[in-house]
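Each remark here refers to the structure printed beneath this line.
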Amino acid sequence: MILVMKEHTDKAQIENLITWLKTQGVETHLSEGKFQTILGLVGDTSKVDADLLEGLDIVESVKRIQEPFKNANRKFHPDDTVIDIGGNKIGGGNFQVIAGPCSVESEEQICTIAMEVKKAGATMLRGGAFKPRTSPYAFQGLRDEGLKLLLKAKEYSGLPIVTEIMDASHLPLFEDVDVIQVGARNMQNFELLKELGHIRKPILLKRGLANTIQELLMSAEYIMAGGNEQVILCERGIRTFETYTRNTLDISAVPIIKELSHLPIIIDPSHSTGMARMVRPMSLAAAAAGADGLIIEVHNDPQHALCDGPQSITPAAFADLMQDLNSILDVVKKK
Ligand code: PEP
Ligand code: MN
């Protein structure tokens, strides 16, 4: 981090700042030029509050050289993180496909879809029990009952399960869930993230609707700072001025995150487009861009789905997609 000091700043004030920065665990390097005095901060500056420094009377401007995230940063962890979910590895060249309905609706529905997606090659089952809906009058999910049905489908199909948590107080219900999803709307629910940092279970962290890549990585940092290093990132589309699709899929987030972080990154082609017919091309694009996996909404009767029917593909379309996906994965050399 570099601080440009204001002109004519008193030397004693700079010395005071240097002393205070030392107490924060960072070393400094002072460079006094003819016109400008620059203070370089050396060491781990992830805990230094750049806004606070910028607000000081003697500071003209602050420039971060290093990213404010540490645990999620590839610079401190050059190798890809590989997460094992019931024998399915994700990251480090391993690709996984999570598929299933937006919401768990009935035992028959979730068990049927589980078997269909498994047959087509999915390695994990998704299904929402607690649903974050824009309208309080829309279907809110089957809640505890939905989780029980999902666990039945896990037992029936043998597939590990992925489902969303909306409140930390529900954690005891998630004991047998394999991957806990933090949805887009909760990406910056920092108290929830802190709680998830204390458990030892993989977390699927979705990017918020209006959040930057750095904010997504800072949210991952919240979980990792608590000691839970099993974080899978998910790009699920962001809000832009484009209205044709439900959201805009930021495919460039994949190679960017690969550069910045060692964490696995997957794509959600369903929520990012909102259209079933866009799921196939976007899934193939995600694989080609180097993603570590996909999370796809699949429903056996999309027209009557209680949630997100228009973006859900049928098991037949999913099976078709899986074949083409494997051809792309062969080219990008993912397993
Ligand atoms: C979901 O996965 O069903 C969901 C609600 O996703 P998101 O948080 O990305 O909207
Ligand atoms: Mn959904």
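Each value in this text was obtained by applying a stated rule to the coordinates, not by laboratory testing. In this text, all values refer to a predicted model and were calculated from it rather than measured experimentally. No Cβ is skipped: glycine too gets one built from the backbone with ideal geometry, and neighbour counts run over all protein chains shown.
Once the GluC sites (Glu not before Pro) in DSSP loops with at most 16 neighbouring Cβ atoms within 10 Å are cut out of the chain, the longest remaining piece is 8-174. Extent of region 1-144 along its three principal axes (Cα atoms, max minus min coordinate, largest first): 75, 41, 25 Å. Backbone amide hydrogens, once placed in the peptide plane, bring Glu105 within less than 5 Å of Ile110, excluding anything fewer than 5 places away on its chain. In this structure the amide hydrogen of Ile85, modeled in the peptide plane, comes within under 5 Å of the amide hydrogens of Ile90, none closer than 5 places in sequence on its chain.
You can think of it this way: the chain between Ser169 and Ser106 has 20.2 nm of extra reach, that is 0.36 nm per residue less the Cα-Cα gap. Tell me the Kirkwood radius of region 147-200: reciprocal of the mean inverse pair distance over distinct alpha-carbon atoms, in Å. Computed over region 147-200, the radius equals 11.8 Å.
Sort Met1, Met187 so the one with the fewest other Cβ atoms within 10 Å of its own Cβ comes first.
Numbers: Met1 21, Met187 25.
Placing the least packed residue first, the sequence is Met1, Met187.
When the Cα convex hull of region 232-284 is projected onto planes of every orientation, the mean area is 3.7 nm². With a Cα cut-off of under 23 Å and a minimum spacing of 8 residues unless on different chains, the lysine pairs in region 2-63 number 10.
According to the Cα gyration tensor, what semi-axes, each the square root of 5 times an eigenvalue, does the equivalent ellipsoid of region 194-301 have, listed from largest to smallest in whole Å?
The equivalent ellipsoid of region 194-301 has semi-axes of 24, 15, 13 Å.
Coupling constants for region 146-154 follow from the phi torsions by the Karplus curve (6.51 cos²θ - 1.76 cosθ + 1.60, θ = phi - 60°), and in residue order they are x, 5, 4, 5, 5, 5, 5, 5, 5 Hz; glycine and proline get x. Contact order, relative form, for region 2-63: 46 percent (alpha carbon pairs under 8 Å, 6 or more residues apart, mean separation divided by residue count).
Between amide H atoms placed 1.01 Å from N, distances below 5 Å from Ile232 occur with Ile203, Leu204, Leu205, all of them 5 or more places distant or on a separate chain. Decide, for region 2-63, between rounded, prolate and oblate: order the square roots of the alpha carbon gyration tensor eigenvalues as a ≥ b ≥ c, take rounded if a/c falls under 1.5, and otherwise choose prolate if a/b is larger than b/c, else oblate. Prolate shape, in that a/c is at least 1.5 and a/b is the bigger ratio. Sequence-distant contacts, meaning Cα pairs under 8 Å at least 6 residues apart, place the relative contact order of the chain at 16 percent.
Quick check: convex hull over the Cα atoms of region 60-133, volume per residue in Å³, rounded to an integer?
Working: hull volume 11.9 nm³, N = 74.
Cα-based convex hull of region 60-133, divided per residue, equals 161 Å³.
Here the Karplus curve 6.51 cos²θ - 1.76 cosθ + 1.60, taken at θ = phi - 60°, turns the phi angles of region 316-321 into couplings of 5, 5, 5, 4, 4, 4 Hz, with x standing for Gly and Pro. In the frame of its principal axes, the chain has Cα extents of 74, 44, 39 Å, reported largest first. Computed from backbone phi, the HN-Hα couplings of region 291-308 come to 4, 9, x, 9, 10, 10, 7, 10, 9, 6, 8, x, 5, 10, 4, 7, 7, 6 Hz, rounded to whole numbers (Karplus: 6.51 cos²θ - 1.76 cosθ + 1.60, θ = phi - 60°; Gly and Pro given as x). Taking 0.36 nm per residue of separation and subtracting the Cα-Cα distance, full extension of the segment from Ala288 to Asp44 would add 84.3 nm.
Pairs to check: Lys119/Lys335; Lys148/Lys334; Lys118/Lys335; Lys119/Lys206. Give those whose C-alpha atoms are more than 23 Å from each other in this structure. Display every interim value, and only then the final one.
On the way: Lys119/Lys335 18 Å; Lys148/Lys334 34 Å; Lys118/Lys335 17 Å; Lys119/Lys206 26 Å.
Beyond 23 Å: Lys148/Lys334; Lys119/Lys206.
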